[in-house]
Amino acid sequence: MDSHAAEADEKTGATHSGAGNGSARAAVATPEVEKQSFAETALKLGGKSEEEARRTGAIDKADDQVEALFAPQYQTVNSPAHRAVWDDQVPVELFQGAPAKTPPEVAKVMEASLAVVRKHREAGTVLDPAGRSIAKNVLDELGDAGYWGLLVSRDYGGSGAPFSSFASFLTRMSVVDPTISGMASVHGCIGAVDPVRSFGNAEQKQRFLPRLASGERLSAFALTEPNAGSDLTALRTRAELDGNEYVVNGEKLFITNLGPGRTIGLVCLVEKRPAVLIVDLPAEENEHFRCKPYGLYALKHASNQGFVLKDFRVPKENMLKPVKGDGLTIAYHGLNLGRVALCAGASGTMRLMMASMLPWARYRKTYGQQIVSRELVQRRLGRMAGLIVACDALVEWCASLIDQGYRSEMECVIAKIFGSESQKEAAIELMMKTHGGRSFLHGHLFGDNVHDYLAPCIYEGEGEMLGMAFFKSLVKHHGTQFFEPIGKALAAAGIKKPNMANPAHMWALRGPLAAYSKWYVAQKFHRAAWTSLPPMSETLRKHAEFAAEWLGRARMEVSGTMRNHQLALADRQCRMSELSRRVQDAIIMLCTALYASRQNDPVVEGAADCICQDITRGLLSERPSDRYFRTVTKLGAAIADGQFKSIAGLPEGEILMPYKNE
Ligand SMILES: Cc1cc2nc3c(=O)[nH]c(=O)nc-3n(C[C@H](O)[C@H](O)[C@H](O)COP(=O)(O)OP(=O)(O)OC[C@H]3O[C@@H](n4cnc5c(N)ncnc54)[C@H](O)[C@@H]3O)c2cc1C
């Protein structure tokens with residue numbers, strides 16, 4: 001079972017992360033604090049407030065509960081990203097995704113759904129007549145095609161698509177209509193579908209899933225509140241049991257796909273603990289349910305609104321009860337899927353951007369030459385191809401881990417951060433600059449959608465916050481193994497500030513320090529190693545080996561960072577964020593090299609080579625060489641020549657404000 005931890009760590013700001021809270025986990029062993037989580041006690045030792053320690057501790061416990069949902073081999077310590085850093089050998093085979101095996105009946109639903117959207121796009125009828133939202137008849141026709149039931153099992157009227165098929169399909173749908181692709185992710189991953197199919201009892205599945213599968217009820221995920229975004233321990237929406245019903249009061253903000261008649265996964269507090277209620281919103285607003293629309297630039301056609309519930313009654317049978325964990329466990333379960341879906345969407349959206357760049361770059365002449373023949377423009381095309389290929393690699397890899405049953409939270413965080421950052425870079429650095437002033441015209445792909453290109457950096461977890469959450473998951477086990485005993489020994493001896501020159505302190509710490517020293521010395525003599533690489537070109541092999549070697553050496557730096565900052569590590573956000581970024585980059589590089597080597601396509605291989613060179617330079621803090629510039633511009637020229645199959649057949653954008661070329 002895949003899952004998401006519920007986290008919003010006050011210290012590292014792990015909103016929407018579901019990642020571990022393991023940094024600075026030295027804990028004290030006095031009886032009263034033994035019941036507290038490591039993070040709680042570490043924060044207290046660090047002089048933080050009771051309130052902060054309590055909230056962080058609650059999140060920490062939720063994370064442990066989520067881990068327990070998984071068989072040991074699929075828990076975080078056994079996930080590829082974690083093992084790459086801490087195992088004696090980087091397990092290369094775990095970074096190999098596999099192409100989705102889509103059952104024929106699922107493929108049929110997908111083709112039918114694409115046909116519906118293509119038909120309406122060609123007719124100009126995707127949006128309602130007011131141009132505000134996706135038209136109701138489009139949503140209904142998609143329902144008839146089976147679009148909304150892709151992730152619902154056949155028993156409940158869906159088609160039970162494997163997640164890897166669903167994720168790669170979203171890339172294809174994004175190329176046709178990114179908003180409709182995003183709505184499938186909201187509905188199926190973070191909305192009501194995933195909570196009910198993963199945590200619902202038989203009666204709840206029977207009651208909700210068929211209507212969600214048919215699209216009779218579209219769904220949304222309602223977590224964020226005016227006062228609770230990054231800090232989910234600040235949730236205020238409450239549900240109180242009154243007879244056979246919960247009475248709900250509260251306000252939600254920024255909810256995508258929200259409107260009367262929708263079914264939402266509502267995260268609220270029941271007896272002060274987070275819970276998820278599946279709520280059928282009424283067909284019309286009333287005194288108990290009011291939407292709160294506002295002007296929002298991003299996702300403007302996806303009905304993103306706030307809403308207020310006042311004494312709103314929900315049958316008590318609508319409460320989901322996970323075997324372990326609480327409402328945040330459920331809420332974050334779907335976010336794992338949503339993050340991969342986001343990366344898949346980014347990959348499709350960047351294909352659209354690239355397809356829009358080419359006609360303009362061929363059309364526009366400056367100083368007597370088409371700009372497509374210029375190095376700067378070719379470099380942009382080459383870089384964008386690299387981003388697309390790396391996103392494809394991450395989507396295939398993460399989705400296959402989810403299908404295998406991994407928790408794969410660290411891996412999905414990588415996909416989310418990389419997908420959203422790539423889309424942002426592609427939009428601004430690559431597309432906007434190539435289109436020049438016309439980028440800002442009404443009707444231009446960039447101008448009309450720029451907010452949609454940026455918003456994924458924020459929703460489903462702001463990237464830097466997630467990066468810190470990734471780091472915490474990475475260090476949790478190591479901290480528990482070696483640093484927590486040191487903290488306990490310090491507390492037992494009543495030492496607040498350890499001084500290694502003080503023999504009494506050294507004596508108090510002799511046991512845990514000896515254990516850590518043993519590990520440290522063993523690492524000093526350990527050479528980075530990895531399991532064997534599959535057959536691949538020399539170029540990609542070098543990249544894969546570089547990434548594997550970097551990862552194989554990273555544990556000393558990670559452990560050293562924990563050692564240097566000790567209890568203050570939770571406050572060293574910049575350091576955590578920076579180191580997290582580099583570990584993620586090395587993983588992206590390994591994955592991309594392996595993925596590209598399986599594609600048997602020289603342009604994909606060239607794109608992977610370029611992005612891997614970019615990452616290498618970042619990891620080594622180097623400047624680009626002339627050789628690199630030759631490689632990336634040659635790749636750009638090949639793309640301009642129509643050799644990148646990923647964008648073959650995409651509609652070429654209209655040239656705005658055309659003029660007569662001499
Ligand atoms: C287009 C769009 C669609 C959305 N869809 C949904 C949806 O469907 N359902 C839903 O529930 N929510 C949704 N959201 C909400 C989204 O998930 C939140 O906006 C996001 O989690 C950030 O919360 P916030 O906006 O309250 O940021 P804040 O909590 O105000 O944080 C702002 C920034 O402060 C920094 N920060 C905060 N805390 C810390 C800390 N401890 N340490 C360091 N830095 C910190 C971070 O950089 C953070 O991004 C959507 C948002 C948008 C824009």
- Task: Please compute the net charge surrounding A192, taking Lys and Arg as +1 and Asp and Glu as -1 over other residues with Cβ under 13 Å from its Cβ.
- Result: +3
- Name the residues whose placed amide hydrogens come within less than 5 Å of the amide hydrogen of Y246, ignoring near sequence neighbours (fewer than 5 apart) on the same chain. V314, K316
- Pairwise FRET efficiency - A98 versus N137, Cβ, R0 = 45 Å, nearest 0.05: 0.75
- Message: Testing the spin-label approximation: label points 7 Å from Cα along Cα→Cβ at H526 and S621. State their distance in nm.
- Response: 2.6
- Under a cut-off of 13 Å between alpha-carbon atoms, report the aspartates and glutamates in cross-link reach of K476, not counting same-chain residues fewer than 8 places apart. D60, D63, D64, E67, E484
- Query: What spacing in nm lies between the two simple spin-label points modelled at D448 and K324, each 7 Å away from Cα in the Cβ direction?
  - Reply: 4.9
- For R290, net neighbour charge (Lys/Arg +1, Asp/Glu -1) across residues whose Cβ lies under 13 Å away: -2
- Message: Sort 648-655, 476-483, 377-384 by packing, meaning the average of other beta carbons within 10 Å per residue, with the highest value first.
- Response: 377-384, 476-483, 648-655
- How much of the DSSP beta bridge set in segment 229-330 is antiparallel, as a percent to the nearest 5? 95
- Residue farthest toward the positive end of the dipole of segment 563-607, with Cβ of Lys/Arg at +1 and Asp/Glu at -1: which of A586, A596, M576? M576
- Note on the structure: CD proxy, 222 nm, the chain: helix-only mean residue ellipticity via -39,500 (n - 2.57) per DSSP H run with n ≥ 4, per residue, nearest 500, stands at -16500 deg cm²/dmol
- Item | Cα-based shape type of the chain, given that a ≥ b ≥ c are square roots of the gyration tensor eigenvalues and the cut on a/c is 1.5 | oblate
- Task: Round to a whole angstrom and tell me the spacing of the C-alpha centers of segment 210-232 and segment 74-123.
- Result: 24
- Relative contact order, percent, segment 415-574 [alpha-carbon distance under 8 Å, six or more residues apart]: 16
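Using r as the Cβ-Cβ distance of R121 and N227, and R0 as 56 Å, what FRET efficiency do you calculate, to the nearest 0.05?
Plugging the Cβ-Cβ distance into 1/(1 + (r/R0)^6) gives 0.90.
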- Can you pick out the pairs among K119/K365; K272/K472; K205/K252; K324/K472 whose Cα atoms lie more than 31 Å from each other? K119/K365
- Message: Quick check: from the Cα gyration tensor, does segment 340-497 come out rounded (a/c under 1.5), prolate or oblate?
- Response: prolate
- Tell me, what is the percent relative contact order of segment 200-332, built from C-alpha pairs under 8 Å that lie six or more residues apart? 27
- Query: Of L430, V413, A455, which is farthest along the charge dipole of segment 394-466 in the positive direction, counting Lys and Arg as +1 and Asp and Glu as -1 at C-beta?
  - Reply: L430
- With labels modelled as points extended 7 Å from the Cα through the Cβ direction, what inter-label distance (nm, one decimal) is found for Q481 paired with D88? 1.2
- Using heavy-atom solvent-accessible surface (probe 1.4 Å) with all chains present, what is the largest-first order of T237, T631? T631, T237
- How would you rank 546-554, 102-110, highest first, on the average number of other Cβ atoms within 10 Å across their residues? 546-554, 102-110
- Message: Is there a quick way to get the dipole size of segment 341-391? I mean about its Cα centre, with the Cβ of Lys and Arg at +1 and of Asp and Glu at -1; what is the value in debye to the nearest 20?
- Response: 180
- Quick calc, C574 & K310: beta-carbon distance into FRET formula, R0 60 Å, rounding 0.05, result 0.90
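How much length is gained on full extension from K292 to E425, taking 0.36 nm per residue of separation minus their Cα-Cα distance?
44.7 nm
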- Task: Step through the table entries K310/K416; K101/K416; K321/K496; K108/K416, compare each Cα-Cα distance with 31 Å, and write down the pairs that go over it.
- Result: K310/K416; K321/K496
- Item | Whole-Hz couplings from phi, Karplus 6.51/-1.76/1.60, listed for segment 594-603; x for Gly and Pro | 5, 4, 4, 5, 8, 8, 6, 9, x, 6
- Query: Can you pull the accessible area of E216 for me, 1.4 Å probe, Å² to the nearest 10?
  - Reply: 120
- Taking Cα pairs closer than 8 Å and at least 6 residues apart, the relative contact order of the chain in percent is 21
- Task: Could you pull out the chymotrypsin sites (Phe, Trp or Tyr not before Pro) across segment 285-343 that fall in loop regions by DSSP (anything but H, G, I, E, B) with no more than 13 other Cβ atoms inside 10 Å?
- Result: Y294, Y297
- Derived scalar couplings ³J(HN,Hα) [segment 278-286; Karplus, 6.51 cos²θ - 1.76 cosθ + 1.60; whole Hz; x for Gly, Pro]: 8, 10, 7, 6, x, 5, 10, 5, 8
- Looking at the chain, what % of its DSSP beta bridges pair antiparallel, to the nearest 5? 80
- From the backbone phi of segment 526-537, what are the Karplus-calculated ³J(HN,Hα) couplings (6.51 cos²θ - 1.76 cosθ + 1.60, θ = phi - 60°) in whole Hz, Gly and Pro given as x? 8, 8, 4, 9, 8, 6, 5, 7, x, x, 7, 5
- Non-local residues with an amide H under 5 Å from the amide H of V90, with H modelled 1.01 Å from N and Pro and chain starts lacking one, are A529, W530, T531
- Message: Taking the Cα centre as origin and putting +1 on Lys and Arg beta-carbons and -1 on Asp and Glu beta-carbons, what dipole magnitude results for the chain, to the nearest 20 debye?
- Response: 1400
- Task: Putting +1 on Lys and Arg Cβ atoms and -1 on Asp and Glu Cβ atoms, find which of P503, L466, A528 reaches farthest to the positive end of the dipole of segment 459-590.
- Result: P503
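Just the number please: accessible area per residue for the chain, 1.4 Å probe, all protein chains included, in Å².
40
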- Reported to the nearest 10 Å², T366 has, with a 1.4 Å probe, an accessible area equal to 50
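For every other residue with a beta carbon closer than 15 angstrom to the beta carbon of R238, add +1 if it is Lys or Arg and -1 if Asp or Glu, then tell me the sum.
Combined, the nearby Lys, Arg, Asp and Glu give -1.
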- Task: Write down Rg/Rh for segment 109-167, rounded to two decimals, with Rg from the C-alpha atoms and Rh from the Kirkwood relation over Cα pairs.
- Result: 1.05
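The values are calculated or read from the model by the stated rules, or taken from the named source; none is laboratory data. Please read all numbers here as calculations on a predicted model, not as lab measurements. Glycine also receives a Cβ, built like all others from the backbone with ideal geometry; neighbour counts cover every protein chain displayed. Just the protein is used for accessible areas: all its heavy atoms, side chains included, with ligands, DNA and RNA removed. Shrake-Rupley method; radii C 1.70, N 1.55, O 1.52, S 1.80 Å.
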